[in-house]
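Worksheet: the structure to be examined is printed underneath.
No lab work stands behind these numbers, since they all come straight from the coordinates. Here the structure is a predicted model, which means the values were calculated and not measured. All Cβ positions, even for glycine, are placed from backbone atoms using ideal geometry, and neighbour counts span all protein chains on display.
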Amino acid sequence: MTESAQTTESRTVRPARPYPFSVPDRLVVDPTYGELRESEPMTRVKLPYGEEAWLATRYEDVRTVLGDVRFGRALAVQRDEPRLTPRQQYSGMLTMDPPDHTRLRRLVAKAFTARRVEALRPRTQEIADALVDDMVRLGPPADLVEHVATPLPIQVICELLGVPYADRDRFHIWSEAIVSTTSLPMETIQEYLNNLWAYMGGLVAERRRDPGIDDLLGALVRARDENQDRLSETELVELAGGLLAAGHETTVTQIPNFVYVLLHNPDQLARLRADPSLVPAAVEELLRYVPLGVGSSFARYAREDVEVGGVLVRAGEPVLGSLSSANRDGTVFADPDRLDFDREQNPHLGFGHGVHHCVGAQLARMELQVAVGTLVTRLPGLRLAVPEAELKWKRGMLVRGLLGMPVAW
Amino acid sequence: MSPAWRIGVDSRRCIGTSICAGTAPEHFRLVDGLSAPLADVVAPAEVILDAADSCPVEAITVRDATDDRLIAPQE
Ligand code: HEM
Ligand code: HEM
Ligand code: SF4
């Protein structure tokens, strides 16, 4: 087609832009998002794989796409879902709508409430202190990714689920390969997934033999065995593997990202050091500010015609909501590109919105608070040990983050 | 089963995730970013317990409307 616009009876559909708009550059939010929020809040995009989609960039529209029950995820498995990686996901909570989704979600939600997570804080602090002790003993320069950011969330999720931390080298490779690279052949990804399922299957069998084991995995096994309708065996194994994988990739990546942003905002960092009671507000602001995803994914499919951002989305069409763009919407966040710990309201969408709102959000918050609090109070001279230009960033399509972060203190 | 339940949302706890409104749209909606029940006293329905048990900050309580017994969230 040579014409720049194609007209249907009730709307103009422009040709799709390739998405993501640019190769990810550190933690910079592509200015295209800001332009689109102004001039074309619903835009057509084509991801590297799958069908074309709408992309919502304004805060209100993103909330509608994620929260309105006229949109759902279940249709994605019948379609060539827009996605950043070759492999399409056909199972798990993020491919379901209520009430199927509710059945799985309710089973795990109880383990991740703010109250349950608070009970894990002292133990998390203990782990963080031990990790920082070890790093200090080694002396600078040391890699913050290797010595703190990676082991902290993994050890916490392992203890919560009941996965032996000693096996971390095995499952870390499997889940790292799944969530943060695109350079692996599909067969290898499938092989890693199979390994992860088989490994979790073994742990499940162990809890069948010993029903007294009191961890989240044990609780899920009991839920499965008490009422088979609630959870199939495959769902059980995938759910547990999913929590293990999701339970660390993201937080592992965010800890160094947060430190990186703080080092670039020395005035804010100084305030945090002077007054650690600012840590929870700082973590919320960093969750808003850091664009973790390279691009948005998990498109919602319209279940009926829906008007969003001035566009009529037809039943059956996929819509992506950009969390990074919503979090920089100046109509909701004053001076949105500034890191500001004093925002009175910070309703950021860093953990999403609606029924799929991150199930691990309270856990991740607590871990990030402990990590940031421990680093700023125990290592007041924390700084990069290499010039910024030498930092190596992940090159995969899913999350932005540092491969290593050599620091001194 | 009791004839009626009373739904309460603690707006100081609610963090506006909209999980409840997505799970049980016939019972919850978001008003100015926070959850509000559409009706306080309702006929018992499992989906209300689904919503209460899925709230990450346990902001939703469900009580027996006659004797105030706590039905959700459960331990
Ligand atoms: C063990 C299997 C997997 C688990 C448990 C898992 C879990 C998750 C979860 C819970 C998220 C949501 C956001 C977060 O917390 O990070 C996520 C993000 C994502 N996953 Fe997976 N996933 C798995 C496999 C895969 C596979 C095989 C792919 C495709 C190659 C994939 C692609 C993605 C993408 C594209 C994102 C979005 C990242 C973003 O938008 O920032 N996942 N994964
Ligand atoms: C800083 C850390 C994290 C961030 C930024 C994050 C972000 C997100 C986001 C944005 C979603 C929603 C995706 C969508 O609706 O398209 C999500 C979902 C999810 N996250 Fe996280 N996450 C984090 C940590 C965790 C942790 C620690 C766990 C596990 C314990 C976890 C487990 C999940 C799961 C299972 C889902 C899917 C929920 C559902 O479909 O109902 N995440 N996460
Ligand atoms: S699920 Fe809980 S926190 Fe989320 S909107 Fe409902 S009441 Fe508020």
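By the combined test of axial Cα extent (at least 30 Å) and Kyte-Doolittle hydropathy (mean at least 0.5), the qualifying DSSP H helices of chain A come to A:233-264. Each residue, residue A:22 and residue A:87, gets one label point 7 Å from its Cα in the Cβ direction; the gap between the two is 3.1 nm.
Compute the relative contact order of chain A as a whole-number percentage, counting only Cα pairs closer than 8 Å that sit 6 or more residues apart in sequence. Can you show the working numbers first?
Values: 623 pairs, mean separation 110.3, N = 409.
Rounded, it is 27 percent for chain A.
Work out the length of the dipole vector of region A:17-408 about its Cα centre, built from +1 on the beta-carbon of each Lys and Arg and -1 on the beta-carbon of each Asp and Glu, and round it to the nearest 20 debye. Present the calculation step by step, with values, prior to reporting the outcome.
On the way: 45 positive and 55 negative charges, 52 e Å.
Here region A:17-408 has a charge dipole of around 240 debye.
Each helix, a run of at least 4 DSSP H residues, gives -39500 (n - 2.57); summed and divided by the residues of chain A, these come to -14500 deg cm²/dmol at 222 nm. Here the Gaussian network model covers chain A, with springs between Cα atoms less than 10 Å apart; of A:389, A:371, A:315, A:389 fluctuates the most.
Note on chain A: GNM, Cα springs under 10 Å; of A:168, A:207, A:137, the largest mean-square fluctuation is that of A:137. For chain B, the mean residue ellipticity at 222 nm estimated from helices alone is -4500 deg cm²/dmol, where every DSSP H run of n ≥ 4 contributes -39500 (n - 2.57) and the total is divided by all residues, rounded to the nearest 500. Principal axis analysis of the Cα atoms in region A:270-409 yields extents of 56, 35, 28 Å, listed in decreasing size. Of A:396, A:139, A:360, the residue with the greatest mean-square motion in the GNM of chain A, using alpha carbon springs below 10 Å, is A:139.
Kirkwood Rh over Cα pairs of region B:5-72 into Stokes-Einstein at 10 °C, 1.306 mPa s: D in µm²/s?
Working: Rh = 11.6 Å.
The estimated diffusion coefficient comes to 137 µm²/s.
Within chain A, the longest run free of GluC sites (Glu not before Pro) that sit in a DSSP loop with at most 14 other Cβ atoms within 10 Å is A:10-303. Shown for A:405, A:397: other C-beta atoms within 10 Å of each C-beta, ranked fewest to most, produce the order A:397, A:405.
Once you sort the root eigenvalues of the Cα gyration tensor of chain A as a ≥ b ≥ c, which label holds: rounded (a/c under 1.5), prolate (a/b larger than b/c) or oblate (the other case)? It comes out oblate by the Cα gyration axes.
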